Structure formats: structure tokens, C-alpha cells
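Below: one structure, written as C-alpha cells.
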């Protein structure tokens with residue numbers, strides 16, 4: 001019989017006994033959610049500005065997602081890719097009709113989608129007469145996943161630490177984000193693609209400059225190599241557009257999606273255009289679960305709400321309001337806050353001291369507000385896109401109070 005846990009303590013006791021300890025977790029057991037709020041097993045209510053790490057774009061238990069889940073449960077959860085399924089076709093059509101892309105390839109996660117981009121780039125080079133090209137240039141402070149290839153593509157030593165995971169896959173170099181000269185220094189005849197996030201998420205909520213993204217596009221056009229964007233965290237409406245790069249008017253050859261695309265059910269995608277949309281032919285790449293009816297059914301419902309219910313417009317407007325509120329907090333604590341930055345509903349507060357971040361997270365937790373700290377000293381806010389201005393005020397006030405209590 002299934003265990004029915006009724007308290008945090010009982011569940012965590014079993015977790016400590018049976019659950020692999022590769023994650024550092026807060027001392028609560030999530031039980032249910034609604035909108036921007038979650039409850040633990042003890043009945044404590046939290047305002048959730050972590051959002052499943054940018055996954056719960058429509059919030060918890062959005063009616064459209066509940067309906068889509070029920071429909072899938074009564075029809076079909078899975079079929080193999082030997083056959084078509086209608087939800088997958090529908091999702092591809094919605095993405096293509098609202099972007100520069102021509103084709104969509106499904107995956108099960110952001111890391112898998114980025115693996116797909118890397119494989120596509122190498123085959124693209126071979127197909128176009130350049131088998132010597134296999135190197136991907138990515139950016140320092142980037143994050144692209146936890147598989148061996150995507151961890152190596154990630155420009156953070158702690159993620160691809162060779163002490164633990166050597167030998168790392170070959171074919172990756174690193175340049176400075178928002179520094180075109182640094183990228184040019186890494187270029188040679190072995191490079192097949194440049195990979196970047198339009199807004200670095202794990203790297204500290206750092207938006208790219210217009211000059212940088214356009215410069216990358218120009219470099220790739222001049223050399224006949226692919227420009228690949230990672231929009232796992234910042235796509236699916238988070239910046240106020242379906243894709244973050246649409247805020248810049250710079251079109252990549254390929255782009256990854258995941259996180260908020262499935263509203264909680266794992267799904268990833270590689271979107272491609274031009275010759276890149278013709279590269280992965282049958283037998284070159286695939287996945288048992290990718291593009292299944294369950295994940296795609298929820299993705300279709302998610303996209304429909306984002307595109308047709310004003311969710312993205314709301315995210316852009318509310319995100320601007322939230323940054324203004326955070327800047328007011330920064331003005332009250334000039335010795336603690338270095339910068340407030342973001343786009344839409346991915347926002348960060350860079351602190352002057354690496355010691356403060358985790359303490360602010362804990363102080364907000366005491367106030368029933370969930371946030372997190374990334375890149376050592378950046379408070380990151382990636383809530384549901386439906387969060388209200390009033391909820392943003394609650395979070396800003398919690399950060400203000402935390403800094404005050406810490407004497408900052």
C-alpha cells in the first residue's frame with residue numbers, strides 16, 4: 001500500500017533514508033499548489049517565486065493544464081515515434097507559426113534539447129563539406145545542462161569539473177558573454193557553431209546586449225557556421241515574448257526550449273530553420289519518450305494560454321513593475337546591492353557580498369516567501385508568469401526586511 005505522509009518530519013525521515021542526496025533541499029515537503037502559492041505537508045503556505053526553477057509558467061494547477069491532464073489520462077499517455085500523435089503536431093505548428101523557425105524536434109529536457117543542438121551542429125558541418133569542424137564556442141558563466149556534453153558546454157568549472165568527470169568530451173571552447181572580441185579570439189576552422197543564452201539564468205540573470213547577439217549573428221553568417229540559442233530557462237514566454245531572442249530581433253539557426261513549455265511535465269524541443277531544419281534525418285537522432293501525447297498535450301495547452309490569454313504581455317508589464325520595486329529596495333541598501341537586472345519575469349539582484357545571498361534566501365523563507373540564489377551572489381526570481389504586482393510587492397518587501405535584519 002502507498003505511504004500516506006501527513007507531516008514534513010515523517011516524509012523527510014524516509015527521504016534521508018532512501019533518497020539519493022545529490023540535491024541540497026529546504027526542510028519542507030511540497031504537497032500542493034495553486035496559482036503562485038504552494039503548501040507543505042504541515043499546511044504552511046508559501047509565495048513561490050522559484051516556480052519549479054522557471055517551470056511553472058502558468059502557476060500551479062492552472063485550469064487549462066488540469067483539463068489537458070484529464071483529457072490525456074482518458075485517451076492516451078504514450079505512443080512511440082513510429083507513429084504520429086496529434087498533440088505533437090499541434091505544438092510544432094504553434095511554435096513555428098509564432099517564430100522564425102520551420103521545424104521542431106522534441107526532447108525530454110533542456111539538457112537533451114541542447115545535446116540535440118550540439119549533434120545537429122556537428123552533422124551540419126559534415127553535410128556542408130566541413131568534417132573538420134566540430135568545436136562549439138559557448139560562454140563563460142553559461143549553463144546548458146548536466147549531461148557530459150552539456151556540462152562541458154557549460155562555462156562553469158563547478159559543473160564540468162574535470163577532477164570528477166575527466167575525460168570531458170572534446171570540442172568546446174569558452175568566450176566571455178557580451179564580449180565579441182573574446183568570441184573572435186576563439187574562432188578558427190574547427191568551429192562549427194556558437195552557443196549562447198540570450199539571457200544567462202544560472203549565470204546570474206545577465207541579459208545579452210543587442211550588439212553582442214547581432215555580432216554573433218554576423219560572425220556565423222560570415223563563416224557559414226550555426227548560431228544556437230539556449231532558451232531552456234528564458235523561453236516559453238518568460239521575457240514577455242515566446243522566445244527571448246524576439247526581444248532583440250536576432251534570429252538563430254537553432255534554439256532549445258524546455259522548462260515552462262510543459263507546465264511541469266518534462267519536455268524539451270530543438271527549433272530550427274533553414275538548412276539546419278533539414279539536418280537530422282531518420283536514424284540520426286531520436287528518443288523513446290520525446291514528443292509523446294502527454295507532454296505535448298500539456299505543452300499545447302500551455303502555449304495556447306500564453307499566446308491567446310495575454311500571459312506574455314502580463315509577464316512583460318509585471319516584470320517591469322517588479323524591477324522597479326527591487327530597485328527601490330536597492331536604494332535602501334546601497335552597501336548590499338550592486339545591481340538589479342532582468343527581462344520580463346526573470347529578474348536578479350546582484351549582491352556585493354557572496355555571504356549574504358543564502359542568508360537572504362533563508363530570511364525570506366522565514367517570511368513564507370520562496371526565492372533562490374545563483375552564481376554565488378545573485379538573488380534570482382523566476383515565478384509563474386501570472387504573478388501579480390501585489391505578489392511582487394510582497395517579495396520585494398521580504399527582501400527588504402531580510403537585508404535590514406542582516407544589518408545591510
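Against the condition free of Cβ contacts under 8 Å to residues at least 60 places away in the same chain and either over 30 Å from residue 61 (Cα atoms) or in contact with a strand residue (DSSP E or B) (Cβ under 6 Å, 6 or more places away or on another chain) (or both), how does residue 213 come out, does it pass?
Judged against the criteria, residue 213 is a match.
Run down 113, 88 and say which single residue is under 19 Å from the mean Cα position of the chain (by Cα), assigned to a helix (DSSP H, G or I), over 14 Å from residue 274 (Cα atoms) and at pLDDT 95 or above.
Matching residue, one of 113, 88: 113.
For region 140-153: of the residues being in contact (Cβ under 8 Å) with a residue 24 or more places away in the chain and under 11 Å from residue 172 (Cβ atoms), which is surrounded by the fewest Cβ atoms within 10 Å (Cβ to Cβ)?
149
May I ask you to say which residue of 142, 138 is assigned by TED's automatic domain parsing to the domain that holds residue 232, closer than 20 Å to residue 208 by Cα and either assigned to a strand (DSSP E or B) or more than 20 Å from the chain's Cα centre (by Cα) (or both)?
After applying the criteria, what remains is 138.
Just checking, does region 157-170 include any residue being crowded, with 18+ Cβ neighbours inside 10 Å and either in contact with a strand residue (DSSP E or B) (Cβ under 8 Å, 6 or more places away or on another chain) or part of a helix (DSSP H, G or I) (or both)?
No, because not a single residue in region 157-170 is crowded, with 18+ Cβ neighbours inside 10 Å and either in contact with a strand residue (DSSP E or B) (Cβ under 8 Å, 6 or more places away or on another chain) or part of a helix (DSSP H, G or I) (or both).
What residue, of 40, 48, is surrounded by fewer than 21 Cβ atoms within 10 Å (Cβ to Cβ), at pLDDT 95 or above and assigned by TED's automatic domain parsing to the domain that holds residue 348?
Residue meeting the stated conditions: 40.
Determine if region 328-336 includes at least one residue that is buried (at least 17 other Cβ atoms within 10 Å of the Cβ), part of a helix (DSSP H, G or I) and touching a helix residue (DSSP H, G or I) at 6+ places or on another chain (Cβ under 9 Å).
Yes, the conditions are met somewhere in region 328-336.
Mind listing whichever residues of region 271-324 are over 20 Å from the mean Cα position of the chain (by Cα), closer than 18 Å to residue 99 by Cα and in a helix (DSSP H, G or I)?
274, 275, 276, 277, 278, 308
Those residues that are in a loop (DSSP other than H, G, I, E, B), in contact (Cβ under 8 Å) with a residue 40 or more places away in the chain and within 16 Å of the chain's Cα centre (by Cα), I need them from region 216-248; list them, please.
Within region 216-248, 232, 233, 234, 236, 237, 238, 239, 240, 241, 242, 243 meet the criteria.
Take the residues in region 349-376 that are touching a strand residue (DSSP E or B) at 6+ places or on another chain (Cβ under 8 Å) and without any contact (Cβ under 8 Å) to a residue 40 or more places away in the chain; name whichever of them is surrounded by the fewest Cβ atoms within 10 Å (Cβ to Cβ).
Of everything passing the filter in region 349-376, 358 is surrounded by the fewest Cβ atoms within 10 Å (Cβ to Cβ).
The values are calculated or read from the model by the stated rules, or taken from the named source; none is laboratory data. Keep in mind it's a predicted model, so treat the numbers as computed, not measured. With ideal geometry, Cβ positions are generated from the backbone for all residues, glycine too; neighbour counts draw on all protein chains shown.
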